[in-house]
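Notes for the one structure printed next.
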Ligand SMILES: [Zn+2]
Ligand SMILES: [Zn+2]
């Protein structure tokens with residue numbers, strides 16, 4: 001049985017100190033068969049540490065070395081790209097010059113502030129804040145400047161991780177039309193969604209919410225990946241098996257891994 005963890009940050013990301021080799025060892029220890037490093041790149045992010053590209057040369061060398069040393073686990077080279085409209089062209093320019101196995105597109109910032117931060121609440125009620133977040137997700141998936149450069153949309157519902165509200169759940173029923181528009185665009189453009197397990201411990205459910213995963217399937221979605229979003233060793237491989245069950249329950253028979261940005265569908269039956 002395949003057990004992929006397709007969202008891992010290491011010391012090549014500005015907010016993690018985990019050595020890549022530690023991540024590989026932790027993945028093997030937790031039964032992960034396929035791992036993909038997805039370091040941050042959020043050009044235009046208001047926090048300077050995120051507003052930069054990772055060390056691509058160092059990443060490449062490290063991954064080559066780890067692939068040789070740990071041949072039993074598949075190791076992918078990926079990136080998590082934060083969408084900021086003002087820098088989309090610059091982002092596309094950087095991505096076009098690099099080779100990846102897998103690229104995640106993420107919304108972290110809404111109207112100039114990372115929506116994980118408490119100050120991003122700006123006195124808004126839940127419905128207003130969540131709607132603005134989703135409108136930004138819609139803008140990202142319909143932005144033709146980036147369409148060629150990513151594979152899956154990461155953690156839809158990320159704002160719920162900010163725990164800004166007493167009930168921070170982010171199910172389909174809150175915005176059925178907007179979710180449908182987003183999911184249809186993703187499917188139409190041949191992209192996929194990621195099921196991000198970090199929301200289980202911080203937010204109460206996987207991101208996106210299981211109801212949205214079901215709806216994605218109903219609409220014909222096929223490409224679906226799983227990631228822990230680990231920034232530290234203890235989180236590598238966390239809740240991946242639970243995510244496989246949630247995906248199965250939503251009607252999927254396969255999950256997806258990537259090599260050189262080509263999807264491969266693997267049975268989970
Ligand atoms: Zn993210
Ligand atoms: Zn991440």
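Laid out as a table, the results:
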| quantity | calculated |
| --- | --- |
| Test result for residue 158, away from ligand 1 (no atom under 16 Å from the Cβ) and modelled with pLDDT of 95 or more | no |
| Which listed residue is in contact with a strand residue (DSSP E or B) (Cβ under 8 Å, 6 or more places away or on another chain), touching a residue at least 24 places away in the same chain (Cβ under 8 Å) and surrounded by fewer than 21 Cβ atoms within 10 Å (Cβ to Cβ), from 1, 47 | 47 |
| From the options 61, 80, 39, residue that is within 16 Å of ligand 1 (Cβ to nearest atom) and out of contact with any helix residue (DSSP H, G or I) (no Cβ under 9 Å at 6 or more places or on another chain) | 80 |
| Given (1) in contact with a strand residue (DSSP E or B) (Cβ under 7 Å, 6 or more places away or on another chain); (2) more than 16 Å from ligand 2 (Cβ to nearest atom), number of the condition residue 158 does not satisfy | (2) |
| Cβ pairs under 6 Å, 6+ apart, first in segment 99-113 and within 15 Å of residue 47 (Cβ to Cβ) and part of a strand (DSSP E or B), second modelled with pLDDT of 95 or more and near ligand 1 (Cβ under 10 Å from one of its atoms) | 106/80; 106/82; 106/154 |
| Scan of segment 113-124 for residues that are surrounded by 15 or more Cβ atoms within 10 Å (Cβ to Cβ) and either under 24 Å from residue 257 (Cα atoms) or within 16 Å of ligand 2 (Cβ to nearest atom) (or both), ordered by number | 114, 115, 116 |
| Failed item in (1) free of Cβ contacts under 8 Å to residues at least 60 places away in the same chain; (2) more than 16 Å from ligand 1 (Cβ to nearest atom), with residue 140 passing the rest | (2) |
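Table: residues versus (1) free of Cβ contacts under 8 Å to residues at least 12 places away in the same chain; (2) within 25 Å of residue 182 (Cβ to Cβ); (3) under 18 Å from the mean Cα position of the chain (by Cα); (4) away from ligand 2 (no atom under 15 Å from the Cβ).
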residue: 31; (1), (2), (3), (4): no, no, no, yes
residue: 40; (1), (2), (3), (4): no, yes, yes, no
residue: 43; (1), (2), (3), (4): no, yes, yes, yes
residue: 56; (1), (2), (3), (4): no, no, no, yes
residue: 61; (1), (2), (3), (4): yes, no, no, yes
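Residue-wise test of (1) on the phi > 0 side of the Ramachandran plot; (2) touching a strand residue (DSSP E or B) at 6+ places or on another chain (Cβ under 7 Å); (3) exposed (fewer than 14 other Cβ atoms within 10 Å of the Cβ); (4) at pLDDT 95 or above.
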| site | (1), (2), (3), (4) |
| --- | --- |
| 78 | no, yes, no, yes |
| 86 | no, no, yes, yes |
| 104 | no, yes, no, yes |
| 126 | no, no, no, yes |
| 133 | no, yes, no, yes |
| 136 | no, yes, no, yes |
| 140 | no, yes, no, yes |
| 147 | no, no, no, yes |
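The values are calculated or read from the model by the stated rules, or taken from the named source; none is laboratory data. From a predicted model like this one, the values you see are computed outputs, not experimental measurements. Cβ sites come from the backbone with ideal geometry, for glycine too, and all protein chains shown count toward neighbours.
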